[in-house]
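Report on the following structure.
The values are calculated or read from the model by the stated rules, or taken from the named source; none is laboratory data. For clarity, every value in this text was computed on a predicted model and none was experimentally measured. Quick reminder, even Gly has a Cβ in these numbers, built from the backbone with ideal geometry, and neighbours come from all protein chains shown.
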Amino acid sequence: MNEKRIVIDDKKINRRRMYNKTGQVLFFLSTVFGMIVLATLLVRIFTQGFDYLNWDFLTSYASRRPEDAGIKAAIAGTVWVMGITIPVSLVLGVGTALYLEEYAAKNKFTHFIELNLSNLAGVPSIVFGLLGLTVFVRTFAMGRSILAGGLTMSLLILPIIVVASKESIRSIPQEQYEAAYAMGATKWQIIKTVVLPAATPGILTGAILSLSRAVGETASLLMIGAMAFIAYLPDSIFSSFTVLPIQIFNWAGRPQAAFQSVAAAGSIVLLVILIAMNSVAIIIRNKYTKRY
């Protein structure tokens, strides 16, 4: 009887080892596949667009001739739009998460709000473009301006930041709250000295993902009237604008083969800006991760 049980146990162990080995191989192949696709994309972009990447390309405006085309206005427009999107989305997103987790009563209404926020995180960007066109461009008469574009981008990424911030705040151990209350701290003092510092790594993780989406977004901005050809720099938040993804999209759709290389050069610039933004957020996140 004992020998039979041992044989059965050995079969189960061998089966589990086989499943573990199979899962390991599948996960490894998935990782390799993703790396190959990423490497192919980067090699394709750099080999095609590196020759067009020079100082004149960075300091010239868009042109109908590929050899004269530049990305100056698109870089400026991207910086202006993100200058509005980042503070608005972070302040509103983190503030909403703090209210829902620290102040709001846990009832059906707050549960309804949280459910809708989670659903909004998966809504297509074109829907937010229609919302921005209706609310900001027409209702509030902002026109096809940088301000309207930045606020529309803020609406697009706001649900992601709220959900990530809520989960980060929720993961803080209850003992930290109890220790702060035991020392006589008020609610706001606990939020300022305990909650926000401890939740910063998770909040910044959600911010990195959402801002990366905003930098590469085109559909929403096209809906509110972002232009594909601009030969001047914005001088205020009410100026018309274009951004890097729209400019790249415009070049990629041109029939001339040389514009494909220009679009690849623009993609390199977009990647550099994205990496720079993410690097700053990652440095801040790592700083708070080591502290808390």
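Table for the structure above
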{"quantity": "Which numbered condition residue 282 fails, given (1) closer than 24 Å to residue 76 by Cβ; (2) among the hydrophobic types (A, V, I, L, M, F, W, C); (3) at pLDDT below 85", "calculated": "(1)"}
{"quantity": "Residues being surrounded by fewer than 21 Cβ atoms within 10 Å (Cβ to Cβ) and either charged (D, E, K, R) or free of Cβ contacts under 8 Å to residues at least 60 places away in the same chain (or both) - total across the stretch 237-249", "calculated": "1"}
{"quantity": "Residues that are within 22 Å of the chain's Cα centre (by Cα) and either at pLDDT below 85 or β-branched (Val, Ile, Thr) (or both), drawn from the stretch 246-273", "calculated": "246, 248, 268, 269, 272, 273"}
{"quantity": "Selection status of residue 132, in contact with a Leu (Cβ under 9 Å, 6 or more places away or on another chain) and either among the basic types (Lys, Arg) or surrounded by fewer than 22 Cβ atoms within 10 Å (Cβ to Cβ) (or both)", "calculated": "no"}
{"quantity": "Pairs where the first residue, in the stretch 265-277, is within 11 Å of residue 208 (Cα to Cα) and the second is surrounded by 18 or more Cβ atoms within 10 Å (Cβ to Cβ) and of a type outside the set (D, E, K, R), C-beta under 9 Å, 6+ apart", "calculated": "274/211; 274/215; 277/82; 277/86; 277/208; 277/211; 277/215"}
{"quantity": "Residue that is surrounded by the fewest Cβ atoms within 10 Å (Cβ to Cβ) [pool: residues in the stretch 50-101 that are in contact with a Lys or Arg (Cβ under 7 Å, 6 or more places away or on another chain) and in a helix (DSSP H, G or I)]", "calculated": "59"}
{"quantity": "Selected residue [out of contact with any strand residue (DSSP E or B) (no Cβ under 6 Å at 6 or more places or on another chain), assigned to a helix (DSSP H, G or I) and either surrounded by 20 or more Cβ atoms within 10 Å (Cβ to Cβ) or at pLDDT below 85 (or both)] from 214, 226, 185", "calculated": "214"}
{"quantity": "Candidate set: the stretch 113-153, residues that are of a type outside the set (A, V, I, L, M) and not in a helix (DSSP H, G or I); chosen: the one modelled with the lowest pLDDT", "calculated": "122"}
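Residue by residue, here is whether (1) in the same structural domain as residue 160 (by TED's automatic domain parsing); (2) outside any helix (DSSP H, G or I); (3) over 29 Å from residue 121 (Cα atoms) holds:
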| site | (1), (2), (3) |
| --- | --- |
| 204 | yes, no, no |
| 209 | yes, no, no |
| 220 | yes, no, no |
| 237 | yes, yes, no |
| 251 | yes, no, yes |
| 256 | yes, yes, yes |
| 263 | yes, no, yes |
